[in-house]
């Protein structure tokens, strides 16, 4: 039945389903496919693959649904705080009467304001080293007191207390009540952290609240909270929202838990696990003590078997001494015998060497006499040769020739003249005799045939 027919019938009482169907038809027939710009909030990804979220601006918001076959076409994941533009069909969800947009396409339109603030603060604190793992402290293994910073009205408080009581009921819990949502909640959370440190009445702090939108969790993204956590002398466990929620407090805290209940589990050990561990340790200790006693008993038996009377020990020592004395005497006698044999061998070698020495001495004497005789003979022959050479030299001496009546003729240049062809008439000559010289002038020359 159309929208016009329904309202033409006066005094007709409509059922809710009829009204919702008529309005759905009216919206879908009169509102075209359109682009809408807004910021994603309250995003829920169902197990079926469909996505449900709100699209908002500063004054209003509208519910949206993006079915699985459309969501799979996106090239980048979507998340809270993203500023997007969606191509959507306006419609009405009949079962609840909720106006909603059925999203066909989605494209990024820039980061949302809150998300942009989140990223800027995250980058600033990361650059200062507040997220560094080196500055984070280990949680106490067995805390004496546990501090809780949250709102007394928080739905997760009951779960945290129940978990702590179940796991280790003997540990006292101190609540530092503070609002975790709304205007000024960030400053109040930071004040609660400072107060807990000043009182120093607990060993570890749990900072938590339940899930919610990015606006609900925004107090945990404020800088004042992050710096209070970083300055805390007490280790802090952050358990804010659900497992998919991440806040600045999570990055700065000494440890981040995905949920408030998980934060409680991180802080205290399980008493049943401790009891089982204590039982295992007790069993191990009993076994170790029993094994040690058995080893000690065996050692005692061994030492008992080795333990003897002092008289027996003296008797054994005396026997050992006699045995050593006898061995020493045998060793001494054996050494003396070896020395005697060595000396005898040396004497035999010395006797044999004497005969060889005498023979070689006689041979040396004979060689010496032969060498002296040969030297005398060689010297005699050399003297004779020297005399003959002297005689020959005397015969060849020019002075001896001159003494026999010969003379030596030289020209004025000192050259010896042996041929008259070398001279010219009137040349000056120098004639050398055996006992002097004389100058002459050539007047006449002749030649022998």
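Averaged over residues, the count of other Cβ atoms within 10 Å places the peptides 39-47, 255-263, 297-305 in the sequence 255-263, 39-47, 297-305, highest first. What fraction of the DSSP beta bridges in the chain is antiparallel, stated in percent and rounded to the nearest 5? Percentage antiparallel, nearest 5: 65. Relative to the longest principal axis of the Cα atoms of the chain, the long axis of helix 155-167 lies at roughly 60 degrees.
With all pairs of different C-alpha atoms in the average, the Kirkwood value for the hydrodynamic radius of the chain is 36.8 Å. Residue ranges 132-143, 225-236 sort as 225-236, 132-143 when ordered by packing (mean number of other C-beta atoms within 10 Å per residue, highest first). Helix 113-127 and the long axis of the chain differ in direction by around 30°, with both axes built from C-alpha atoms. Only helices enter this figure: runs of n ≥ 4 DSSP H residues, each worth -39500 (n - 2.57), summed and divided by the residues of the chain, yield -16500 deg cm²/dmol at 222 nm to the nearest 500.
In plain terms, the residue of 433, 220, 251 with the fewest other Cβ atoms within 10 Å comes first and the most crowded comes last, giving 433, 251, 220.
What separates the Cα centres of the range 47-65 and the range 375-449 is a distance of 151 Å. Ranked for footprinting exposure by Cβ neighbours inside 10 Å, fewest first, 240, 36, 252 give 36, 252, 240. What the Kirkwood sum gives for the range 66-118 is a hydrodynamic radius of 12.5 Å, with every pair of different alpha carbons counted. Angle of helix 271-306 to the longest C-alpha principal axis of the chain, folded into 0 to 90 degrees and rounded to 10: 40°. What does DSSP give for the range 47-154 in terms of the percent of beta bridges that are antiparallel, rounded to the nearest 5? For the range 47-154, the DSSP antiparallel bridge percentage is about 85. What share of the DSSP beta bridges in the range 66-215 is antiparallel, in percent to the nearest 5? Looking only at bridges with both residues in the range 66-215, the antiparallel portion is about 55 percent.
Calculated over the range 338-434, the projected area of the Cα convex hull averaged across directions stands at 14.1 nm².
Computed from the coordinates by the stated procedures, all read-outs in this text should not be read as laboratory data. Here the structure is a predicted model, which means the values were calculated and not measured. Here Cβ is always computed from backbone atoms with ideal geometry, including for glycine, and neighbour counts include all displayed protein chains.
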